[in-house]
Amino acid sequence: MTVLIEIKVPDVGNVAEIDVVEVLIQPGDVVALEQTVATLETDKASMDLPSSASGTVQQVYIKPGDKVSEGSLIATVLASSEQVSAEAAAQQTIIPAETVSAPVVEKTPEPISLPVKPAPELAAVETLQEPDSTARKPHASPSVRLFARELGVDVAKIKSGSGRKGRILKDDVKNFVKKVMTESIVAVGAGIPSIPAVDFSPFGETEIQKLSKIKRLTGQNLSRVWLNLPMVTYHEEADITDMEAFRNALNAEKAKGEIKITGLMFIIKALVTAMQQFPSFNASLSADGESLILKKYFNIGIAVDTPNGLVVPVLRNVNNKSINELALELAEKSEKARLGKLLPADMQGGCMTISSLGGIGGTAFTPIVNAPEVAILGVTRAKMQPVWNGKEFVPRLMLPLDLTYDHRVIDGAEGARFMAVVKQNLSDIRRLLL
Ligand code: CAO
């Protein structure tokens, strides 16, 4: 006899809202009795929900990020009556569902509710890993998964377990931690002590604000770059008095509502022209660190400040585009970025990045390379300054530029020569025609 089983959130004590952290099944999956179907979590505890029947998953009603409570429907499973746990069956009436055969049924029989066996215990969570939707579903018992979470290990990252049918065991988790520790010591030279948690309550009132996903991912990426790349920042100034006069004249010719040209468009052009003369700036280091991958295309990433954090849309084939085309494209992409509508493809394939804070202010800063690129150009606010021309001081508009580069790829002298060319290109924009 075939029956349709409803898997629901069991009584987990006095908790009103429980977060769904991970969903390990999808329609069509065959689940075994006691197999974990989802991981739930409160702010203090985590719990694996085992299936109370073996059979084929018909429908899944939750996704990571959802909030559930006791009795919420998790999934329905089509099972033969013998595959339902004796404990669960004893508590419920079973309705035959012989007519149901396909995994996702059009005419689903009235389901019966079987409570999920409560997880053996609720356990404190110390470190949580970002659920990786692309990862394979790991087979591990709830206690092993709990052990892994306590160590801050995402079990999906363990390629194969040494248990039966590749099941992940405690020893596999321990070996994974050992391997990661050894690799990171080799990679960064030493285990870095973490910053201790501090209880701020004795000092005054506080409020917890969740970081946006963009901020969390950017933070991980920046930390990785900071630990892996020996970076140097070189500061330079370009005289943009003439460029600015030309830019203002161009903007004055524009009709009302037309996209205005900012200095950034000339900076993009000046940078790409220098990259054409210095191929090592348009390159990435190979994974084994033994060769340079030289790029024959010129795509520039522009760091854009958005309410959700920093994103870097990429302007493609910049060498073949006019200043007006670049202004239009950056206006479109930065608008899309601020509305959170950039697609992953809009942010891929960059050769070098520009981080311009000039619209806000600043005199200098040290941007972090957007690896696997090898350099990034920082820009702060242009300022009128007295400049000695050999006879007298004259007022000139000076633009501060900061080049951070990966010192494994670029030598100090090469960095200085590169910036001398960027500076020349900006000080005399006729050079952009050469
Ligand atoms: N010196 C003086 N004025 C400058 C300037 C500079 N270096 N750069 C820009 N300005 C002026 C512009 O000319 C414009 O003036 P008007 O309003 O009079 O036309 C104004 O500042 C605003 O410019 P903008 O920022 O809108 O335009 P942009 O083309 O210079 O920059 C963009 C576009 C998308 C890069 C910018 O809006 C932005 O998001 N910047 C922040 C990037 C960031 O956060 N970087 C940090 C990364 S590291 O954490």
Report summary line: So, first residue under 24 Å from residue 275 (Cβ atoms) and in contact (Cβ under 8 Å) with a residue 40 or more places away in the chain in the range 304-319, second residue among the acidic types (Asp, Glu) and surrounded by 15 or more Cβ atoms within 10 Å (Cβ to Cβ), Cβ within less than 6 Å, six or more apart or across chains; the pairs are 315/329
Query raised in the report: Take the residues of the range 390-402 that are among the charged types (D, E, K, R) and open to solvent by 10 Å² or more (accessible area, probe 1.4 Å): which is nearest to residue 239 (Cα to Cα)?
Result: 396
Query raised in the report: Residues of the range 317-347 being at pLDDT 95 or above and part of a loop (DSSP other than H, G, I, E, B), which ones?
Result: 317, 321, 322
Query - Lone qualifier among 374, 387 - being at pLDDT 95 or above, closer than 26 Å to residue 283 by Cβ and either open to solvent by less than 40 Å² (accessible area, probe 1.4 Å) or more than 9 Å from the ligand (Cβ to nearest atom) (or both) - result: 374
**Report entry** Those residues of the range 258-312 which are part of a strand (DSSP E or B), farther than 16 Å from residue 379 by Cβ and near the ligand (Cβ under 10 Å from one of its atoms), in sequence order
**Finding:** 306, 309, 311
Requested in this report: Assess whether residue 251 counts as being open to solvent by less than 40 Å² (accessible area, probe 1.4 Å), of a type outside the set (Ser, Thr, Tyr) and either within 23 Å of residue 402 (Cβ to Cβ) or away from the ligand (no atom under 16 Å from the Cβ) (or both).
Outcome: no
Report task. Any residue in the range 51-78 that's part of a strand (DSSP E or B): show its pairings with residues that are among the charged types (D, E, K, R) and open to solvent by 10 Å² or more (accessible area, probe 1.4 Å) at Cβ separation under 7 Å, as long as the two are six or more apart or on different chains. Result -> 57/29; 67/17; 67/19; 73/6; 73/8; 74/8; 76/6
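Every residue in the range 349-361 that is closer than 19 Å to residue 309 by Cβ and either in a strand (DSSP E or B) or at pLDDT 95 or above (or both), please.
Those that are closer than 19 Å to residue 309 by Cβ and either in a strand (DSSP E or B) or at pLDDT 95 or above (or both): 350, 353, 354, 355, 356, 357, 360.
Name the residue, out of 354, 360, 368, that is loosely packed, with under 13 Cβ neighbours inside 10 Å, hydrophobic (A, V, I, L, M, F, W, C) and near the ligand (Cβ under 8 Å from one of its atoms).
It is 360.
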Query raised in the report: Does the range 214-221 contain at least one residue that is in contact with a Pro (Cβ under 8 Å, 6 or more places away or on another chain) and loosely packed, with under 15 Cβ neighbours inside 10 Å?
Result: no
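The values are calculated or read from the model by the stated rules, or taken from the named source; none is laboratory data. All values reported here derive from a predicted model rather than from experimental measurement. Heads up, the Cβs are rebuilt from the backbone with ideal geometry, glycines too, and the neighbour counts pull from every protein chain shown. Remember, those area values only see protein heavy atoms, side chains included, never the ligands or the DNA or RNA. Shrake-Rupley method; radii C 1.70, N 1.55, O 1.52, S 1.80 Å.
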